[in-house]
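A.B. asks: Please find one structure pasted underneath; my questions will follow.
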Amino acid sequence: RLAGTRAGTGKLLAALLLAALALRLSAGPAHRVYNDEFEHLDIARHLAETGTFSGTLVGGLAGYDVLARPTWPGGHHVALAAVFKLFGGAAYTAFLWSALLSVLTALFAFWAALELFGDERGALAAACAWAVLPLAVRYGLASDLTSSALFWLAAALAALHAREKEPGPGLDAFAALTMLYAVQVRPENILLVGYAALLRAPLSVFLPALLG
């Protein structure tokens, strides 16, 4: 259905994404989730500079840092490290990367709503709701896991519903990859697998079990 979107709707969606980006940038680059943000930046920088997945326990003297393997899965850090390799490891780079992911989440919200309801105006409304949501705007630049986790969640949900309407190997692969990557950003996203199972099985199978 996404490929069949009318040209006028596509233009409105593009304008909405640009407006969402402008809103997030207008909020200003600043740390919103302090300890987590610094930890994720540190891990991604180590990965970009040395190729090791590690965080700093004690640091400050070159060659004498005490490193430890992070407890976080590495999906977010691998992507951010690649961005750091291309554009440098400044915090501002991470802020912009988070903003981009937050904006693109609106695109997947549009796609998911379009697959669910089959109405382009409703899908635009869903994308608009995410684009202007005050919490999404405020935390869209934060360099923690928020933008990354929501981006991959939205992508996986859109793909899961798209493959229900148009099953095929391409959408199957995209749904599987986005679900797997979402889990590698935040482990609790494994709940997506349960959601995918609910989509595949008829409600009559689950209701008796849920109701006892």
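A.B. asks: Sorting check: for 43-51, 110-118, which peptide has the highest mean count of neighbouring beta carbons within 10 Å, and how do the rest follow?
C.D. replies: Ranking the peptides 43-51, 110-118 by packing returns 110-118, 43-51.
A.B. asks: Just want the answer: with Cβ charges of +1 for Lys and Arg and -1 for Asp and Glu, which residue in Tyr181, Leu124, Leu157 is farthest toward the dipole's positive end in the chain?
C.D. replies: Checked the options; the winner is Leu124.
A.B. asks: Here is a further query. How much area per residue is accessible in the chain when the probe is 1.4 Å and only protein heavy atoms are counted (Å²)?
C.D. replies: Per-residue value: 53 Å².
A.B. asks: Taking the chain as the reference, fit the longest principal axis to its C-alpha atoms, fit the long axis of helix 7-26 to the helix C-alpha atoms, and give the angle between the two in degrees, 0 to 90, nearest 10.
C.D. replies: Its long axis makes an angle of about 30 degrees.
A.B. asks: What value, in deg cm²/dmol to 500, does the helix sum -39500 (n - 2.57) over DSSP H runs of n ≥ 4 give at 222 nm once divided by the residues of the chain?
C.D. replies: Helix contribution divided over all residues of the chain: -23500 deg cm²/dmol.
A.B. asks: Let me ask you something else. With the full set of protein chains in place, find how many percent of the accessible area of the stretch 1-150 is carbon and sulfur; take the probe as 1.4 Å.
C.D. replies: 67 percent
A.B. asks: So between Phe38 and Glu164, what do we pick up on full extension, going 0.36 nm a residue minus the alpha carbon distance?
C.D. replies: Fully extending the segment from Phe38 to Glu164 adds 41.4 nm.
A.B. asks: If ligands, DNA and RNA are left out, what is the accessible area of Asp42 with a 1.4 Å probe, given in Å² to the nearest 10?
C.D. replies: Answer for Asp42: close to 40 Å² accessible.
A.B. asks: Taking the 0 to 90 degree range and rounding to the nearest ten, how far is the long axis of helix 191-200 tilted relative to the main principal axis of the chain, both from C-alpha atoms?
C.D. replies: So the inclination is approximately 20 degrees.
A.B. asks: I've got another one for you. Give, in nm to one decimal, the length gained when the segment between Leu25 and Phe117 is fully stretched (0.36 nm per residue of separation minus the Cα-Cα distance).
C.D. replies: 30.0 nm
A.B. asks: Let me ask something else about it. Checking a compactness column here: for the stretch 1-139, what do you get for Rg(Cα) / (2.2 N^0.38 Å), N being the number of residues?
C.D. replies: Normalised Cα radius of gyration, the stretch 1-139: 1.29.
A.B. asks: Shifting gears a bit: Count the net charge of all other residues whose Cβ sits under 13 Å from the Cβ of Pro73, scoring Lys and Arg as +1 and Asp and Glu as -1.
C.D. replies: Charge balance near Pro73 sits at +1.
A.B. asks: Size of the dipole of the stretch 1-155 about the Cα centre, Lys and Arg at +1 and Asp and Glu at -1 on the beta carbon, nothing else charged, in debye to 20?
C.D. replies: The dipole magnitude comes to about 460 debye.
The values are calculated or read from the model by the stated rules, or taken from the named source; none is laboratory data. This structure is a prediction, so every number in the text was calculated from the model and none was measured. FYI the Cβ positions are ideal-geometry reconstructions off the backbone, even for glycines, and counts take in every protein chain you see. When the accessible area is computed, the model is the full protein with side chains, heavy atoms only, and any ligands, DNA or RNA have been set aside. Shrake-Rupley method; radii C 1.70, N 1.55, O 1.52, S 1.80 Å.
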